[in-house]
């Protein structure tokens, strides 16, 4: 969902900037709930206030909810079908590819030669999540603390 949201609200509609979508995705990941729904709430609120947030959340929730109910009704009769199992395996693989695409696009917006701190946080987050099997929430909190601490140090230096 994240690449689709980014393409629609940043590239196509131009409701928010690339920098704002990165911030929205970061905040959406750090608060409880589904990232796509949290992001839609923030984007809807920015575009049209509280009514926009409600409309965006319903627009994100209802189509998926109705589709899942219809698919579950169809799959009840096909739960042991080998073809259905293979289709679901393909869907999972495609979902992983979309998540990777979103990570690459967001990384290009954040990680550049001038942003050494960003590279450090990204590398450290990868190490503690992938190699040390620490919950991703700690990486988000740690990245926020490091970023805020850096901001305070630069602010005091001025």
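The values are calculated or read from the model by the stated rules, or taken from the named source; none is laboratory data. Everything numeric here is computed off the predicted structure, so don't read it as measured data. FYI the Cβ positions are ideal-geometry reconstructions off the backbone, even for glycines, and counts take in every protein chain you see.
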Taking the conditions exactly as written (modelled with pLDDT of 85 or more, exposed (fewer than 11 other Cβ atoms within 10 Å of the Cβ) and not in a helix (DSSP H, G or I)), does residue 80 satisfy them or not?
no
Just to be sure before I move on: is residue 50 over 20 Å from residue 139 (Cβ atoms), at pLDDT 90 or above and surrounded by 11 or more Cβ atoms within 10 Å (Cβ to Cβ) in the structure I sent?
no
So residue 44 fits all but one of (1) outside any helix (DSSP H, G or I); (2) surrounded by 13 or more Cβ atoms within 10 Å (Cβ to Cβ); (3) in the same structural domain as residue 23 (by TED's automatic domain parsing); what number is the exception?
(1)
Need the failing condition index for residue 21 against (1) under 13 Å from the mean Cα position of the chain (by Cα); (2) without any contact (Cβ under 8 Å) to a residue 12 or more places away in the chain, just the number.
(2)
Inside the range 6-28, the number of residues satisfying the requirement of being crowded, with 17+ Cβ neighbours inside 10 Å and either at pLDDT below 85 or more than 24 Å from residue 141 (Cα to Cα) (or both) is 3
